[in-house]
Amino acid sequence: MNILAIDTSNQVLGVAIQQNKQIAGEIITNLPKNHSVRLMPAIDQLMNELALKPEQLDLIVVAKGPGSYTGVRIGLSTAKAMAWALNIPIIGVSSLEVLAYQGRFFNGIICPFFDARRGLVYAGGYQWNNFSMQHVRTEANLVMDDLLEELKNRNQPVMFLSPDMDMHRERIVTKLEGMAVIPDETFHLTRASHLIAAAKGKEPDPTHTLTPNYLRLTEAEAKWIEQNKGKHENA
């Protein structure tokens, strides 16, 4: 079975291919460049190196957010277009869950997060149990201080994973002290190959209705709702 994994939900661009239950190849870059002009060449390069044709793909797995609104849309649109054209199934996986796999085997809570500005973060809580990643906290867009207070009250070791760690490191260490575990820099970047691991056991999504997992409204959506508030009631 040939599986293509795509992640452009944050600054990291990742593409991986699994063949016969083994990761055959992976491309990862961490550059502030436009994913829209780099994703398809990365896919093409990897497939050429593996002598794999598009029609030989059996499944596509894609990171569906949260993260960069633009990045999420680029990855999801590309994955859906390929799945539809090739008539193969697609699975969308949370970008937070994928990042949590960098902390697998940790004996405690794994807390991946992405900065969401204004003191907010996109965050979730996971634990590695019986060789699988399990949710222990619903993913949400919330105030970082509130998240840290909640985790402190759990009285368990917490591994924090984030490409935005430098923005929150001091706050984490001050609040949780010895309960906070912050690994080396390489652990804070997602890997496309972990998308495939995270998709294991999940059912395929309907291709046309698979939507981004933003965890909050986009600015345009929020403005539209605010501008149209009360119009239907007064009609």
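The values are calculated or read from the model by the stated rules, or taken from the named source; none is laboratory data. Remember, predicted model here, so these are calculated numbers, not experimental data. For neighbour counting, all protein chains shown are included, and Cβ atoms are generated from backbone atoms with ideal geometry for every residue, glycine included. We work out accessible area using only protein heavy atoms, side chains counted, and drop any ligands, DNA or RNA first. Shrake-Rupley method; radii C 1.70, N 1.55, O 1.52, S 1.80 Å.
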Among the strands (runs of 3 or more DSSP E) contained in segment 52-165, which hold 3 or more residues that are crowded, with 21+ Cβ neighbours inside 10 Å and in contact with a helix residue (DSSP H, G or I) (Cβ under 8 Å, 6 or more places away or on another chain)? 59-63, 90-93, 109-117, 120-129, 158-161
Ala220 passes all but one of the listed conditions (1) at pLDDT below 95; (2) open to solvent by 80 Å² or more (accessible area, probe 1.4 Å); (3) part of a helix (DSSP H, G or I); the exception is number (2)
Residues of segment 169-195 satisfying the condition of being assigned to a helix (DSSP H, G or I), in contact (Cβ under 8 Å) with a residue 12 or more places away in the chain and more than 28 Å from Gly92 (Cα to Cα): Arg169, Arg171, Ile172, Lys175, Leu176, Met179
When segment 37-51 is examined, which residues are found to be open to solvent by less than 70 Å² (accessible area, probe 1.4 Å) and not charged (D, E, K, R)? Leu39, Ala42, Ile43, Leu46, Met47, Leu50
Filter segment 165-211 for residues that are more than 18 Å from the chain's Cα centre (by Cα) and among the small types (Gly, Ala, Ser); which is nearest to Leu96 (Cα to Cα)? Ala180
Name, by its number, the condition in (1) over 21 Å from Gly67 (Cβ atoms); (2) in contact (Cβ under 8 Å) with a residue 60 or more places away in the chain that does not hold for Asn155. (2)
What number of residues within segment 1-36 satisfy the criterion of being open to solvent by less than 30 Å² (accessible area, probe 1.4 Å), free of Cβ contacts under 8 Å to residues at least 40 places away in the same chain and within 15 Å of Ala79 (Cβ to Cβ)? 2
